[in-house]
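To start, the structure under review is shown below, and the notes come after it.
The values are calculated or read from the model by the stated rules, or taken from the named source; none is laboratory data. Nothing here was measured: the structure is a model prediction, and the numbers come from that model. All Cβ positions, glycine included, derive from the backbone under ideal geometry; neighbour counts span all protein chains shown. Side chains included, ligands, DNA and RNA excluded: accessible areas come from the protein's heavy atoms. Shrake-Rupley method; radii C 1.70, N 1.55, O 1.52, S 1.80 Å.
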Amino acid sequence: MNSSKMVPTGENTVSFYIDEIPAFIGSDLAKLYGSLHSSLPFFRVFRSTENVSCYVVARNSDPIVILLFKFENRHMEVLNEVIEIDSEEIDRFTLHVLTKFPQIDIISFKALKTVTGKIGYPVQKFKSKETFLIELPGTPNEYTASIGKSTRTNLRYQNNNVLRNFPSFAVKFYANEDIDEQHIKTIVRFSEKKIRMKDSGFRHNEENIVRLAKMCGFVCVLMINDRVCAGSINYQIGSSYFGEVLGHNVEYDKYGLGKLALHQTICESIVRGGKKFYLGGGVFDFKNRMLGVQVSLDELQIYRSYGKLILNFDKAAKTIIFFYIRQLKSWLHQHKNTFVAQCVFKYFYFFKSRITK
């Protein structure tokens, strides 16, 4: 263990834990941020916790900021994503990092919500991704009543229709170790079949989804005659829920089972104490209809000086290029029914399939 502690002002204590993740970090991360992409289960499955260090700001011994990071040559990459940090804490973090680690030229955040103050260092800030967030009310009935009338009517009709035609229709929920791995594989297969109609090379990382679901998963399964016909794979971190995969058997297309599965999932997450439900990125009308509000997240690059920015011009230029690529992708998705967008997607999926063969 290589840790250090400083007390800069008042009751705030700043600590660094180098190449170490203290035992308290996992639970406090969940309480502070309630973010899947800022949780130890996610890092352990989809990233790596090897050589990960921690920065902790505590007030009266209670953590108020926890950032996990890695060193890569003269670059520090912050691993936390989909979190909100105020400008004062960004300023504090930057000052302590650049003072304590003179070898660091760049500090990078991939996806956070913040307002950068005048920290006295060159900054690049660009939109990096978006997600759709539902602020959940106290009960499923309140949530359903808040949905638009036409959407609510359709959900009711679809539910009654499937019950009328399939009396054995049932909805079941499972969490963590109680999740049946075969249920996950079936839902993944449903999802991939639909996506591959456009992107023939697409595949979910099924192995990692299973591993993460066993740690913090929440699965909704819709069944007809004791067979899975639709469902959703989700994760829970604190009081927040995160949708991962939504799929249904195309044989039941006309019954709207995908939307029914999503509605049932959201309602059950409320019953289980959920306060937020993240629908993920991508522009889809149904996310708005289910009360999802788009939240934009920024990539942040902080340089020690303008001289260091110039010396790392390749990094700065890459950040700008990726920003415009993301802007183009966002525009294409928003105008996906236009001739231009359809041509771009068609050739993109064609070349992608050729490359992945």
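The table below lists the values:
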item	result
Qualifying position, being of a type in the set (A, V, I, L, M, F, W, C) and in contact with a Gly (Cβ under 7 Å, 6 or more places away or on another chain), among LEU133, LEU95, LEU112, LEU79	LEU133
Yes/no for LYS172 being in contact with a strand residue (DSSP E or B) (Cβ under 8 Å, 6 or more places away or on another chain) and surrounded by 12 or more Cβ atoms within 10 Å (Cβ to Cβ)	yes
Neighbours by Cβ (under 9 Å, 6+ apart or cross-chain): first from the range 27-40, touching a residue at least 60 places away in the same chain (Cβ under 8 Å); second charged (D, E, K, R) and part of a helix (DSSP H, G or I)	none
Hits in the range 122-179 (condition: among the β-branched types (Val, Ile, Thr) and either touching a residue at least 24 places away in the same chain (Cβ under 8 Å) or touching a Lys or Arg at 6+ places or on another chain (Cβ under 9 Å) (or both))	VAL123, THR131, ILE134, THR139, THR144, ILE147, THR151, VAL162, VAL171, ILE179
Wholly enclosed helices (runs of 4 or more DSSP H) of the range 247-357 bearing at least 3 residues among the β-branched types (Val, Ile, Thr) and at pLDDT below 65	339-356
Boolean, GLY148 is small (Gly, Ala, Ser) and more than 24 Å from ARG304 (Cα to Cα)	yes
ASN60 vs. criteria open to solvent by less than 40 Å² (accessible area, probe 1.4 Å) and either touching a residue at least 12 places away in the same chain (Cβ under 8 Å) or under 23 Å from the mean Cα position of the chain (by Cα) (or both)	no
Output for the range 122-141, where each listed residue is touching a Leu at 6+ places or on another chain (Cβ under 9 Å) and open to solvent by 70 Å² or more (accessible area, probe 1.4 Å)	LYS125, LYS129, GLU135
Matching residues, the range 94-116, being open to solvent by 20 Å² or more (accessible area, probe 1.4 Å), farther than 24 Å from LEU311 by Cα and touching a helix residue (DSSP H, G or I) at 6+ places or on another chain (Cβ under 8 Å)	VAL115
Test: residue in the range 188-200 that is over 19 Å from VAL250 (Cα atoms), of a type in the set (Lys, Arg) and either surrounded by 15 or more Cβ atoms within 10 Å (Cβ to Cβ) or in contact (Cβ under 8 Å) with a residue 24 or more places away in the chain (or both)	no
Hits in the range 77-93 (condition: surrounded by 19 or more Cβ atoms within 10 Å (Cβ to Cβ) and either among the hydrophobic types (A, V, I, L, M, F, W, C) or within 16 Å of SER305 (Cα to Cα) (or both))	VAL78, LEU79, VAL82, ILE83, ILE85, ILE90, PHE93
Hits in the range 155-212 - residues which are at pLDDT 95 or above and of a type in the set (S, T, N, Q)	GLN158, ASN159, ASN160, ASN161, ASN165, SER168, ASN176, GLN182, THR186, ASN208
Condition check for ASN159: open to solvent by less than 50 Å² (accessible area, probe 1.4 Å) and within 21 Å of CYS220 (Cα to Cα)	yes
The range 244-273, residues that are of a type outside the set (A, V, I, L, M, F, W, C), over 22 Å from ARG211 (Cα atoms) and either touching a Ser or Thr at 6+ places or on another chain (Cβ under 7 Å) or free of Cβ contacts under 8 Å to residues at least 40 places away in the same chain (or both)	GLU251, ASP253, LYS254, GLY258, GLY273
In the range 152-197, residue nearest to the chain's Cα centre (by Cα) [restricted to those that are within 29 Å of GLU142 (Cβ to Cβ) and of a type in the set (Val, Ile, Thr)]	ILE187
Matching option when the condition is in contact with a strand residue (DSSP E or B) (Cβ under 6 Å, 6 or more places away or on another chain) and among the hydroxyl-bearing types (Ser, Thr, Tyr), among THR144, THR114, THR131, THR139	THR131
